[in-house]
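The block underneath contains the structure these notes are about, expressed in structure tokens.
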Amino acid sequence: MSDTPEQSTFDGDELRFDDFQIDGFESEDAPIASPFTPERDLSFFKKIPVTVTLEVASKEIPLGDLMKAGEGSVIELDKLNGEPLDVKVNGSLMGHAEVVVINDKYGLRLIDVVDSALSSMGD
């Protein structure tokens with residue numbers, strides 16, 4: 001006979017996690033995450049400077065053709081007259097706008113804002 005204890009195989013079905021209690025891990029007093037958690041105060045974002053760009057139109061042309069362009073040359077762009085222009089914030093599309101003139105300065109009037117532009121701000 002041998003003195004070694006008999007080894008048994010582990011059966012995962014016999015493991016019951018309800019029997020475990022870990023101190024400090026979960027308590028009845030701990031706040032429970034809720035889908036109705038109040039929004040965080042994000043007012044500090046209001047002071048961060050960003051670059052707003054109004055993109056009139058664009059065109060991809062070979063560098064050789066661009067090098068031939070001179071004073072008086074016309075390069076046809078991809079937007080139609082009266083079509084809304086792209087408003088970009090730090091290079092990302094924010095929405096569309098039209099050009100206005102206010103006190104002899106150009107401005108823009110927002111026509112629409114892209115839904116995804118600011119929706120991820122609070123994530």
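What follows is calculated from the coordinates using simple rules that are stated; it is not laboratory data. Note that the structure is a prediction, hence the values are computed from the model and not measured. FYI the Cβ positions are ideal-geometry reconstructions off the backbone, even for glycines, and counts take in every protein chain you see.
How far apart, in nanometres, would the label points at R40 and V101 be if each is projected 7 angstrom from Cα along the Cα-to-Cβ direction?
Once both label points are built, they end up 4.6 nm from each other.
Going by amide H atoms built from the backbone, whose H comes under 5 Å of the H on K79, apart from near neighbours?
Distant-sequence amide H within range of K79: S58.
Evaluate the distance, in nm, between pseudo-label points positioned 7 Å from the Cα of L66 and of D112 along their respective Cα→Cβ axes.
3.1
For the range 48-123, calculate the relative contact order in percent as a whole number, restricting contacts to Cα pairs under 8 Å that are 6 or more residues apart.
Computed over the range 48-123, the figure is 27 percent.
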